[in-house]
1. Hey, can you tell me all the residues within region 59-75 that are outside any helix (DSSP H, G or I), at negative phi and in contact (Cβ under 8 Å) with a residue 24 or more places away in the chain?
2. Determine whether region 208-226 contains at least one residue that is exposed (fewer than 15 other Cβ atoms within 10 Å of the Cβ), under 20 Å from residue 274 (Cα atoms) and not hydrophobic (A, V, I, L, M, F, W, C).
3. I'd like the full set of residues that are closer than 24 Å to residue 374 by Cβ and touching a Gly at 6+ places or on another chain (Cβ under 6 Å), limited to region 241-284.
4. Name the pairs: first residue in region 92-116 and under 23 Å from residue 388 (Cβ atoms) and part of a loop (DSSP other than H, G, I, E, B), second residue among the hydroxyl-bearing types (Ser, Thr, Tyr) and modelled with pLDDT under 95, Cβ to Cβ under 6 Å, at least 6 apart or on different chains?
5. If you check residue 119 against the conditions, is it farther than 30 Å from residue 55 by Cα, out of contact with any Lys or Arg (no Cβ under 7 Å at 6 or more places or on another chain), hydrophobic (A, V, I, L, M, F, W, C) and without any contact (Cβ under 8 Å) to a residue 24 or more places away in the chain?
6. Which residue is surrounded by the fewest Cβ atoms within 10 Å (Cβ to Cβ), if the candidates are limited to region 382-404 and must be touching a residue at least 60 places away in the same chain (Cβ under 8 Å) and assigned to a loop (DSSP other than H, G, I, E, B)?
7. Taking region 71-86 as the search range and keeping residues that are exposed (fewer than 15 other Cβ atoms within 10 Å of the Cβ) and not acidic (Asp, Glu), which one is modelled with the lowest pLDDT?
Amino acid sequence: MLGEYPIQGRRAADISASIERAVGEGVLEPGQPLPPMRELAVTLGVNPNTVAAAYRTLRERGVIETHGRRGSRVRPKPATTGREKVRVDVPAGVRDLADGNPDPALLPPLAGAFAAAAARGDRAPVLYGADPVDPELAQAARAALDADGVPAGPLTVASGSLDAVERVLTAHLKPGDGVAVEDPGWGRTLDLVPALGLRTVPVGVDDEGPLPGDLRAALEAGARAVLVTDRAQNPTGASVSAARAGELRAVLAGHPRTLLIEDDHGHGIVDLPLHPLAGVTRHWAFVRSVAKAYGPDLRLAVLTGDAVTVDRVRGRQRLGPGWVSLLVQRAVVRLWADGAVDGRAVAASYRERREALTAALAERGVASHGRSGMNVWVPVPDETGAVARLLHAGWAVAPGARFRLGSAPAIRITVSTLTGEETGPLADAVASAVGPSPARSYV
């Protein structure tokens with residue numbers, strides 16, 4: 001069953017570590033069955049309860065899954081390995097359109113903002129016990145949220161979108177709870193949920209956001225939380241429309257105990273209006289990151305939500321990092337105040353690049369999706385073959401496996417740095433690699 005790999009250990013922690021190490025190294029592959037607990041207990045000379053405890057730890061960490069009498073096996077997408085291993089190594093001379101990064105040329109210079117923030121810190125150093133949220137940042141963020149129709153609520157700051165999402169999930173859920181996630185969706189989220197011991201419940205997506213029928217089915221099946229990307233959905237570019245928002249709110253209204261988490265990481269790079277869902281359920285959180293518009297290394301996201309959720313996040317944060325650097329917060333405030341990013345111009349730039357590629361692909365009979373953001377999602381019959389053929393032609397794209405649970409195969413093309421001169425040749429290469437698209441949805 002396990003080939004030549006010997007599971008080792010006398011304690012539950014050692015046994016679970018041995019299995020997790022093998023999964024991380026690829027010795028135990030996704031989907032591979034593990035020995036029955038009693039059989040492994042006899043092999044190791046330990047009590048079956050010890051093996052049961054080891055398997056329980058691995059299940060809660062998202063490494064394995066258990067199916068009653070059918071036994072336990074390595075998860076198809078184990079949290080230990082991570083989707084970043086499903087990647088393309090870009091050789092020299094190949095154009096990299098796989099990394100998902102914003103265009104560095106559209107990011108603002110940071111030196112002046114940090115110098116001003118540092119000078120303020122020199123005059124009045126931040127010490128333990130200081131307010132963890134800069135008042136000016138809170139005021140500016142709240143004004144922007146109000147303008148976009150996000151319900152009023154307390155506000156805090158996290159170290160990026162994923163940090164905020166993790167803190168909200170752990171504030172409310174326990175291992176084994178189900179979380180409705182977009183499929184296709186952000187690969188890091190699809191890794192994070194099982195790593196927390198939670199279950200991913202896939203919800204299909206089209207250009208207008210999560211499908212209401214799929215969300216209803218997920219909630220009726222017991223999912224306790226739902227993650228929704230409002231705009232610039234990664235990888236498809238979906239953006240929740242006004243009509244879709246109304247449908248999703250209606251579904252959520254029938255499940256008021258659902259924890260709703262909205263991710264608006266596309267703020268500042270998207271020219272489509274926001275249609276928030278918050279306010280329908282008892283517990284909710286709305287996350288807005290500065291990574292795409294101002295720079296990934298800033299590691300700052302604003303989080304608002306209901307009072308209980310934000311209070312729990314703040315409390316747990318106090319026991320860990322304490323706060324997100326006030327130096328960074330004040331630098332971001334300075335960038336906002338100075339108008340360092342022209343959001344309309346940035347959004348227009350990304351839109352022009354997306355639409356040029358989707359139009360070129362359509363001319364060649366290839367269907368694609370990219371309503372907002374910096375990525376284009378192209379359904380393909382064979383991911384591995386498409387990625388390999390494009391790499392051979394000089395183009396590196398991301399395999400859709402990094403972003404999928406059960407949805408159809410596809411590739412993701414990041415257009416953030418794509419030039420007009422490159423659009424035609426890239427579309428030719430994609431058409432040659434994948435062929436004409438069948439008349440089907442990408443969900």
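The values are calculated or read from the model by the stated rules, or taken from the named source; none is laboratory data. What you see is a predicted model; the values in this text were computed from it and never measured. FYI the Cβ positions are ideal-geometry reconstructions off the backbone, even for glycines, and counts take in every protein chain you see.
1. Within region 59-75, 61, 63, 64, 72, 73, 74, 75 qualify.
2. Checked against the condition, which is being exposed (fewer than 15 other Cβ atoms within 10 Å of the Cβ), under 20 Å from residue 274 (Cα atoms) and not hydrophobic (A, V, I, L, M, F, W, C), region 208-226 yields no hits at all.
3. Residues satisfying the conditions are 244, 266, 268, 276.
4. none
5. yes
6. First, pick out the residues of region 382-404 that are touching a residue at least 60 places away in the same chain (Cβ under 8 Å): 387, 391, 394-404.
Of the ones still in play, those that are also assigned to a loop (DSSP other than H, G, I, E, B) are 394, 397, 404.
Values: 394: 13, 397: 27, 404: 22.
Here the answer is 394.
7. 85
Residues are listed down the side, and each one gets a yes or a no for (1) surrounded by 19 or more Cβ atoms within 10 Å (Cβ to Cβ); (2) of a type in the set (Val, Ile, Thr):
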{"site": "121", "(1), (2)": "no, no"}
{"site": "131", "(1), (2)": "no, no"}
{"site": "134", "(1), (2)": "yes, no"}
{"site": "143", "(1), (2)": "no, no"}
{"site": "151", "(1), (2)": "no, no"}
{"site": "169", "(1), (2)": "yes, no"}
{"site": "176", "(1), (2)": "no, no"}
{"site": "179", "(1), (2)": "yes, yes"}
